[in-house]
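Read through the structure below, which is laid out as structure tokens, and then see the notes.
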Amino acid sequence: MELSFSLGKIQETAKTLLDAAKDHKVFAFHGQMGAGKTTFISAFCKAAGVTDTVGSPTFSIINEYNTSDGRIVYHIDLYRLKSNQEAVAAGIEDCLYSGNTCLVEWPEIAPGIFPDDTLHVHITAISEEIRKIAW
């Protein structure tokens, strides 16, 4: 599926992805720097019922959030890592195979660690206010 949306409609688009994803637990978000991956993931977390403050895990690598119904959502940023081996050493695989929802930025840094049923989401900036998302 492919959608274009304005940043003002990001919440609705995040809900559309969440509804379409059905049984997927691992989401790999692809896009250039500034495409809006973290912003979209924040909206996705809200749609998924996350009650914690959502922030960029660029320096922590993994943020763990709780939802209103007791589920855990992992927000992972691989930007600072260099390989599959570094991702494994950082505990990323533990999150990806935990059965919890995982939202991963920069998945191309460690492509070998993802489950086969990972949903790959591509975000592209069309303009300052418009994004395209495809999955």
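Using 1/(1 + (r/R0)^6) with R0 = 35 angstrom and r between the beta carbons of Glu129 and Glu108, what's the FRET efficiency to the nearest 0.05? If you can, show how the numbers build up before the last one.
Numbers: r = 26 Å, r/R0 = 0.74.
Rounded to the nearest 0.05, the efficiency is 0.85.
Determine the dipole magnitude for the chain: charges of +1 sit on the beta-carbon of Lys and Arg, -1 on that of Asp and Glu, nothing else is charged, the reference point is the Cα centre, and the result goes in debye to the nearest 20.
Numbers: 11 positive and 17 negative charges, 53 e Å.
For the chain, the charge dipole is close to 260 debye.
Specify the angular offset, from 0 to 90 degrees and rounded to the nearest 10, of the alpha carbon long axis of helix 37-47 from the longest principal axis of the alpha carbons in the chain.
Taking Cα atoms only, the helix is inclined about 80 degrees.
Angle check, please: helix 10-21 long axis (alpha carbons) against the longest principal axis of the chain (alpha carbons), in degrees 0 to 90, nearest 10.
Helix 10-21 and the main axis of the chain meet at about 60 degrees.
Ignoring ligands, DNA and RNA, please state the percent of accessible area on the stretch 90-135 from carbon and sulfur, probe 1.4 Å. Write down the numbers at each step before the final one.
Details: 1070 of 2140 Å².
Taking all protein chains in place, the stretch 90-135 shows 50 percent carbon and sulfur surface.
Of the DSSP beta bridges with both residues in the stretch 17-135, give the percent that are antiparallel, rounding to the nearest 5.
45 percent
Below 26 Å Cα-Cα, how many Lys pairs turn up in the chain? Only count pairs eight or more apart in sequence, or on different chains, if you could.
20
What does the C-alpha gyration tensor say about the overall shape of the stretch 68-135? Classify as rounded when a/c is under 1.5, otherwise prolate if a/b is larger than b/c, or oblate. Kindly include the intermediate steps, with their values, before the conclusion.
Details: a/c = 2.04, a/b = 1.32, b/c = 1.55.
Oblate shape, in that a/c is at least 1.5 and b/c is the bigger or equal ratio.
Give me the one-decimal nm value for the distance between modelled label points at His120 and Met33, 7 Å along each residue's Cα-to-Cβ direction.
2.3 nm
Cβ under 12 Å from Asn63's Cβ, Asn63 left aside: what net charge do those residues give with Lys, Arg +1 and Asp, Glu -1? Let's see the in-between values first.
On the way: positive: none; negative: Asp52, Glu64, Asp77, Glu105.
Residues near Asn63 contribute -4 overall.
For Thr53 and Ile72 in one chain, what is 0.36 nm times their gap in residues minus the Cα-Cα distance, to one decimal in nm? It would help to have the intermediate numbers written out before the result.
Numbers: separation 19, 0.36 × 19 = 6.84 nm, distance 1.33 nm.
Extra length from Thr53 to Ile72 when fully extended: 5.5 nm.
Where does the chain land on Rg(C-alpha)/(2.2 N^0.38 Å)?
Values: Rg = 13.8 Å, N = 135, 2.2 N^0.38 = 14.2 Å.
Against the compact-globule rule of thumb, the ratio is 0.98.
The values are calculated or read from the model by the stated rules, or taken from the named source; none is laboratory data. Because the structure is predicted, anything quoted here is derived from the model rather than measured. Here Cβ is always computed from backbone atoms with ideal geometry, including for glycine, and neighbour counts include all displayed protein chains. In case anyone asks, the SASA skips ligands and DNA or RNA and just uses the protein heavy atoms, side chains included. Shrake-Rupley method; radii C 1.70, N 1.55, O 1.52, S 1.80 Å.
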